[in-house]
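Bear in mind these aren't lab numbers, they're just calculated from the coordinates by the rules spelled out. Values in this document were obtained by computation on a predicted structure and should not be read as measured data. FYI the Cβ positions are ideal-geometry reconstructions off the backbone, even for glycines, and counts take in every protein chain you see.
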Amino acid sequence: MSMGGKQSTTHLVLIPSYNAGFKMLDTVKAALNRWQPVWVIVDGSTDESREAVIELEKQSAGLRVLCLATNSGKGAAVLTGMRAASEAGFRFALVMDSDGQHPAECIPEFMKLSLDNPAAMILGEPDFGSEAPFSRREGRRVGNWWANLETHWGGIHDSLFGFRVYPILESLKVLENIRGGRRYDFDTEISVRLYWRGVRPINIKVPVRYFSAAEGGTSHFQYLRDNLLLFKAHTFLVLGMMARFPKIWRLRRRT
């Protein structure tokens with residue numbers, strides 16, 4: 001399903017990007033072929049991708065580019081995009097990475113599910129290929145266990161995967177009331193806290209591809225820094241879960 005020249009007035013694609021190289025342009029074009037509008041938030045990029053996507057914006061009515069002066073993190077970039085999208089009247093945002101790992105061909109299916117289930121968040125569940133690093137495939141098990149604990153096993157199948165449709169207003173209420181969720185902890189923080197607010201998850205398996213450096217693959221994950229950030233996030237989420245225990249238990253029984 002391609003949107004062609006028609007643009008949605010309720011759902012848009014948000015692509016935060018930091019130094020993703022030429023893969024970013026491929027990702028944006030693939031997204032535009034399947035849904036419009038697409039907004040790119042350039043998060044202080046210093047490579048050629050910033051100029052390339054700005055040039056593409058001049059040729060594409062369905063594309064808007066927002067540029068941040070300095071790198072602030074994925075969550076901060078998404079927050080910037082959601083604030084602007086809310087002001088423009090959009091209600092839902094599909095967030096996807098700019099490095100080509102997420103499948104643009106799945107965008108229409110996710111958007112339809114969101115249209116049919118406006119009270120839900122649509123969460124991608126990664127189906128890894130053989131090229132995926134072992135640390136990515138197996139390392140997320142720990143974080144997923146903690147996210148399940150924090151929601152009383154409420155149905156978040158993967159707490160770290162970034163291909164998702166979020167309700168914008170509820171997401172803004174979450175993000176603007178916490179100090180975390182601005183960097184690699186974004187996907188975990190937002191999914192758990194949205195669940196606490198009564199936004200139920202719908203999980204859909206999607207294929208994920210990891211590209212080698214020769215293929216243009218990039219990763220800004222720093223093992224020690226980002227795992228410490230996730231540890232901190234889960235510490236506060238567990239404390240939050242304990243304070244909300246009766247409410248979360250009622251939510252769990254609902255599902």
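Annotations for the structure displayed:
- Applied to the stretch 153-158, the Karplus parametrisation 6.51 cos²θ - 1.76 cosθ + 1.60 on θ = phi - 60° returns per-residue 3J(HN,Hα) values of 6, x, x, 8, 6, 9 Hz, with x for Gly and Pro.
- A simple spin-label model places pseudo-atoms 7 Å from Cα toward Cβ; at Thr235 and Ile204 they are separated by 3.7 nm.
- Helix-only CD estimate at 222 nm, as mean residue ellipticity for the chain, using -39500 (n - 2.57) per DSSP H run (n ≥ 4): -14000 deg cm²/dmol
- Lysine-lysine proximity count for the chain, Cα under 22 Å, sequence distance 8 or more or distinct chains: 13
- Each of the peptides 103-112, 168-177, 22-31 was scored by the mean count of other Cβ atoms within 10 Å over its residues; in descending order, highest first, they stand as 22-31, 103-112, 168-177.
- Label of the coordinate-derived value, Rg/Rh (Cα atoms, Kirkwood Rh), listed as [x] 0.96; [y] 0.94; [z] 1.01: [y]
- Loop-located GluC sites (Glu not before Pro) across the stretch 1-89 with a Cβ neighbour count of 16 or fewer within 10 Å are Glu48, with loop assigned by DSSP.
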